[in-house]
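All remarks here apply to the structure that follows.
Where a number appears in this text, it was derived from the coordinates with a stated rule and is not lab data. In this text the structure is predicted, and so the values were computed from the model without any measurement. Methodologically, a virtual Cβ is constructed for each residue, glycine included, from the backbone with ideal geometry; neighbour enumeration extends over all protein chains shown.
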Amino acid sequence: MGYLHTLRSKLRSFDARDDRGDLAVIMGIFVLMLLTMIPLAGYVGALAQQPIVLQDQKYQGALGAAESGVSDFMNRLNAALSYTTASQVNPSGFVASPGGGYFYYTTSQLSNGSVSITSTGAVTGAYGTVERTIRVTAAQANPFTKYMLFANHNSMSNGTQNNYTCQSSPCDVSSGLGSVNGPMMTNDQFYNQDARVSFPSGANSGSSASGYTTTGYPGGISHSTPLTLPSTLLGMEAASQGGCTYLGPTYIRFNSSGGYYVTSPDTAFTSSSGCYPPDGIVSNTSAGNGVIYVGSGGQNCQTSIPLTSPDGSTAASSGTQVTFSDTNSAAVYTGPCTNSDVIVQGTVAGNYSVAANNIYLSSNLCYQTGCGVPSSSNNSLGMVAQNSILLGASTPSSSSFSGVTYSFDPCLYGTACHGSSTGNIPRYVSGALMAMTGSFDYAAQNSGNDGPLSFLGILATNYTGNTHFFETKNGASSSGKQTSFSYDPNLSSNPPPYFPAPVGNSAWATSQFVEIINPTNLPKVP
């Protein structure tokens with residue numbers, strides 16, 4: 001300020017007779033000072049902004065380091081698909097990230113078989129350390145959930161369950177009367193023979209023999225690589241270690257309030273077991289990860305060898321006794337002790353997967369939110385049969401299900417369930433269904449003017465089932481089945497617990513991403 005005061009005094013001392021050159025020199029000095037001070041102010045401002053810029057760079061770098069941690073785990077997981085827990089691959093502390101900074105992650109397995117990854121990225125330097133944490137969900141990609149209908153063989157199996165005859169004679173098996181609303185795939189060919197299949201917003205498709213036009217599918221037809229169905233329930237059996245296991249014929253009725261009721265005579269009753277309490281009511285909590293596995297064996301397995309005489313003969317009252325003194329003289333047999341079949345019905349409230357040799361659906365099977373309502377993150381159902389999934393009651397015999405108290409909806413088998421005024425009563429089945437070596441079929445093929453079946457979900461089978469044939473007699477409807485298939489896309493993003501993926505198509509991928517508050521128990525950053 002003193003410098004400017006001197007400058008003003010000097011300017012006042014000038015008169016008309018002063019030399020103008022002195023004034024020019026002073027003005028030049030003044031301009032030079034301004035030109036020097038302006039960059040200096042900018043430099044000072046830049047220095048003040050440097051901590052903010054560096055912190056912003058570290059903030060972005062910490063996020064990149066956290067993502068590197070997720071990538072590290074995903075690479076390890078896909079290299080060894082058995083790695084699903086943190087204890088196998090989790091680093092003991094922060095690890096240097098190739099892109100700069102450090103990462104540390106922990107993992108936990110979710111009830112549906114997915115893996116939750118919590119990864120923290122850290123960047124050190126001047127002005128302290130910046131840490132950011134993300135949580136990512138990793139799930140196995142499952143192409144089966146992309147299709148409403150998948151069939152390995154787009155034809156019926158050679159089993160006797162498909163050797164049906166018309167209920168009346170003469171008869172004319174004339175039309176399928178089925179409707180399809182969703183994507184389909186087969187490892188075989190698509191066939192439409194003497195049947196009418198309707199596609200919403202598209203032309204009908206059928207054979208020339210049936211009188212209906214043969215046209216393309218509204219969504220188009222494309223070629224893809226085959227998908228291979230699993231052939232065993234080993235994966236489901238292993239997953240049931242975190243859920244519930246039953247042995248022999250079993251009946252399960254899901255409760256709309258959550259959990260399910262179970263009867264399984266060949267499974268040992270234990271008061272301490274949440275999977276089979278004395279009252280038979282299993283809660284959502286007791287069901288663990290939601291996997292319900294029904295295996296062969298149980299209390300009725302043969303533990304002694306009865307010695308009996310053939311019919312018509314007389315046993316001797318005396319003789320030489322055969323003894324086995326060596327402890328290695330054991331008798332081993334490989335035949336099944338009891339059937340590993342299950343009867344399922346009820347209203348599902350929770351996330352479950354049922355696995356058994358054969359699965360029989362005895363009544364409506366819907367979610368808590370209502371029949372015809374898609375699944376959600378809170379309600380989903382998977383049914384995985386090594387053989388077939390069957391509608392109706394005629395196949396389970398009283399001998400194989402002795403001791404099991406169950407009821408069946410007569411509309412699913414052999415009984416007319418429509419009246420003159422009410423019309424056909426629809427049946428509902430919702431869920432993700434898989435029949436590894438069999439099909440989704442009616443247990444009673446030869447009888448019943450059954451109510452139309454409304455299916456909502458996904459269906460993967462080895463063979464196409466006879467779920468929609470309709471018999472007419474003299475031009476009038478007499479008996480048969482009608483089926484409406486609709487796709488549930490929610491099962492693709494929220495599949496049931498441990499629902500099997502195609503063989504060889506089990507790569508893991510991230511599906512959800514969210515940033516969370518940094519954990520409090522993080523290790524020290526190097």
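Residues D441, D188, D279 in ascending order of nearby Cβ atoms (within 10 Å, fewest first): D279, D188, D441.
Computed over neighbours whose Cβ is under 15 Å from that of G128, the net charge equals +1, Lys and Arg +1, Asp and Glu -1.
Full extension of the chain segment joining Q60 with N75 gains 3.1 nm, where the gain is 0.36 nm per residue of separation less the Cα-Cα distance. You can think of it this way: the chain between T520 and D188 has 114.0 nm of extra reach, that is 0.36 nm per residue less the Cα-Cα gap. Taking other C-beta atoms within 10 Å as the exposure proxy, S224, S388 rank S224, S388 from fewest upward.
The ranking of L381, L23, L149, L35 by Cβ neighbour count inside 10 Å, starting from the fewest, reads L35, L23, L149, L381.
Among 340-346, 352-358, sorting by the average number of other beta carbon atoms lying within 10 angstrom of each residue, highest first, gives 352-358, 340-346.
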